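Here's the structure we're looking at; comments come further down.
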Amino acid sequence: MLILAKAVLAMMIGFIIAVVFGLVAIPLLKKIAQQRVSTYLEKKHKDKDGTPTMGGIIFILPTLITIFILLIMGKIEFSENLLIVIFVFIAYALLGFIDDFLIIKRNNNIGLTEFQKLVGQIAIALIFFYIFMKGGADPVLDIHTLGIKIDMGWLYGIFLLFVLVASSNAVNITDGLDGLAGGLSVMAFLAFGLISWGSIGIAGHEDIAIFCFILVGSLLGFLVYNTHPAKVFMGDTGSLALGAALASVAIITQHEITMIVVAGVFVFETLVCLIQIFSMIYLHKKVFLMTPYHHHLEKKGWDERDIVKFFWVIGLILSMSGILFGVWI
C-alpha cells in the first residue's frame, strides 16, 4: 500500500501545483509567447493562430518544485541517478526554450536550425553519458525478460546518444495536435514510474519512480489547458524535455528496449517521417499525404479529437504491454 500512497501523493501534488501555476502562466504567455501556425496547417488550424506556446513550463516547474518540497520534507532521497534525470529534464527544456524564444522573437516558425538543435541535444547527451558511466554503469544492454545481456563496449556510448536524441525528437514530432503528446506522455511516464519502482538494484530507483509520478500529475494539470481546444501549447520547451527525461529513466533502469514498446506511438510517428523523407529523396513521391502521421489522418478527413483519442488508446495499450514486458514477465 505504501507504493500506492506515495504514487497518489506525488501525482496529486504535481497536479494541484500545475493547475494553479497554469492559471498564472497562461495569461502571461498570451502577452509574450503567441505562436504562429505553420502555413501548411492554416486551413485546419487557423483558429489556433496566436495560441501561447512555451506551455511546457506548466508541468516542468511544478515537477521541479514538488521534487524540491519532497526532498526538504525527507520523503525522497537525493541520488546521483535522480540528479542525472533532473539534469537531462532541465537541460533539454532550456534547449527547447531557446528554440521557442527565437520563434517568438522572429514572429515566424523558424527557431534554432536543425543542425543547431542536434548539436545541443548531442552535447547534453554527452554530459549525461559521462556522469552516468562515471557513476559505475556497465556498457551492457540488458533485456531482462528474454534473459539477454549484450556487452556493447564503446558502442554503448553511441547507443545512449541515439536513444536520448531520438526520444526527444520523437516526442517533439508527435506534438502536433491538442493534448496528443501530453496524453501519451502521461501513459508513458506512469508505466516507467511502475517499472522504475520495480527496478530493484538500481540506486535511487524509488526516487526516480516518484519523479515519474510527479510528472504524470503535472502533465494531467497541463492537459486541463492543453486538450481541445488548447489554451496553450507545450512547445519545444516541453516536448524535448519529456522525450529526453523518458529516455534517461529508461537508460538508468536498463529498460531501453521496453521504452520502444511504451513509446510505440512516438516511435511510429518518427518512422513515418523518415519513410516520407526517404521516399521524397530517392523515389520522388509521397507515401503519406502529410507527415507526421496525425496530419496524414487529418488530410484523410479525420477529426482532430478522434485522432487524439485513437492514439491515446493505442498509447495506453502499449504502456500496459510495456509494464507487462518490463516488470511482470
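The values are calculated or read from the model by the stated rules, or taken from the named source; none is laboratory data. For clarity, every value in this text was computed on a predicted model and none was experimentally measured. Cβ sites come from the backbone with ideal geometry, for glycine too, and all protein chains shown count toward neighbours.
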Can you tell me which residue is surrounded by the fewest Cβ atoms within 10 Å (Cβ to Cβ) among those in region 245-259 that are among the hydroxyl-bearing types (Ser, Thr, Tyr) and assigned to a helix (DSSP H, G or I)? 258
Tell me, please, whether a residue that is more than 15 Å from the chain's Cα centre (by Cα) and either under 15 Å from residue 59 (Cα atoms) or in contact (Cβ under 8 Å) with a residue 12 or more places away in the chain (or both) can be found in region 236-250. no
Hey, could you check region 109-141 for residues that are among the small types (Gly, Ala, Ser) and either surrounded by 13 or more Cβ atoms within 10 Å (Cβ to Cβ) or closer than 18 Å to residue 170 by Cβ (or both) and say which is modelled with the lowest pLDDT? 111
Single unsatisfied condition, residue 105 versus (1) charged (D, E, K, R); (2) part of a helix (DSSP H, G or I); (3) within 27 Å of residue 315 (Cβ to Cβ): (3)
Which one of these does residue 106 not meet: (1) within 18 Å of residue 217 (Cβ to Cβ); (2) of a type outside the set (A, V, I, L, M, F, W, C); (3) at pLDDT below 90? (1)
Restricting region 202-233 to residues that are part of a helix (DSSP H, G or I) and among the small types (Gly, Ala, Ser), the one farthest from residue 49 (Cα to Cα) turns out to be 209
Is one or more of the residues making up region 135-151 in a helix (DSSP H, G or I), within 21 Å of residue 196 (Cβ to Cβ) and not acidic (Asp, Glu)? no
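Residue-by-condition table, conditions (1) in contact with a Leu (Cβ under 9 Å, 6 or more places away or on another chain); (2) under 16 Å from residue 322 (Cβ atoms):
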residue: 185; (1), (2): yes, yes
residue: 198; (1), (2): no, yes
residue: 215; (1), (2): yes, no
residue: 222; (1), (2): no, no
residue: 246; (1), (2): no, yes
Which one of these is at pLDDT below 95, over 29 Å from residue 118 (Cα atoms) and of a type in the set (D, E, K, R): 175, 207? 207
Are any residues in region 260-313 of a type in the set (Gly, Ala, Ser) and either farther than 24 Å from residue 226 by Cβ or assigned to a loop (DSSP other than H, G, I, E, B) (or both), and if so, which ones? 263, 279, 301
Which number in (1) over 14 Å from the mean Cα position of the chain (by Cα); (2) in a helix (DSSP H, G or I) marks the one condition that residue 178 misses? (2)
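Residue-wise test of (1) over 22 Å from the mean Cα position of the chain (by Cα); (2) surrounded by 16 or more Cβ atoms within 10 Å (Cβ to Cβ); (3) modelled with pLDDT of 95 or more.
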residue: 282; (1), (2), (3): yes, no, no
residue: 285; (1), (2), (3): yes, no, no
residue: 291; (1), (2), (3): no, yes, no
residue: 298; (1), (2), (3): yes, yes, no
residue: 302; (1), (2), (3): yes, no, no
residue: 306; (1), (2), (3): no, no, yes
residue: 309; (1), (2), (3): no, no, yes
residue: 312; (1), (2), (3): no, yes, yes
residue: 317; (1), (2), (3): no, no, yes
All but one of (1) at pLDDT 90 or above; (2) within 22 Å of the chain's Cα centre (by Cα); (3) surrounded by fewer than 22 Cβ atoms within 10 Å (Cβ to Cβ); (4) over 30 Å from residue 252 (Cα atoms) hold for residue 24; state the number of the condition that does not hold. (2)
Go over the candidates 237, 253, 270 one by one and state the one that is among the polar types (S, T, N, Q) and within 21 Å of residue 53 (Cβ to Cβ). 237
I need the full set of residues from region 222-244 which are surrounded by fewer than 24 Cβ atoms within 10 Å (Cβ to Cβ) and either modelled with pLDDT of 95 or more or more than 19 Å from residue 100 (Cβ to Cβ) (or both), in order please. 223, 224, 225, 227, 228, 229
Checked region 69-89 for anything under 20 Å from residue 133 (Cα atoms) and in a helix (DSSP H, G or I); matches are 80, 81, 82, 83, 84, 85, 86, 87, 88, 89
Kindly establish whether residue 148 is free of Cβ contacts under 8 Å to residues at least 40 places away in the same chain, more than 23 Å from the chain's Cα centre (by Cα) and under 28 Å from residue 264 (Cα atoms). yes
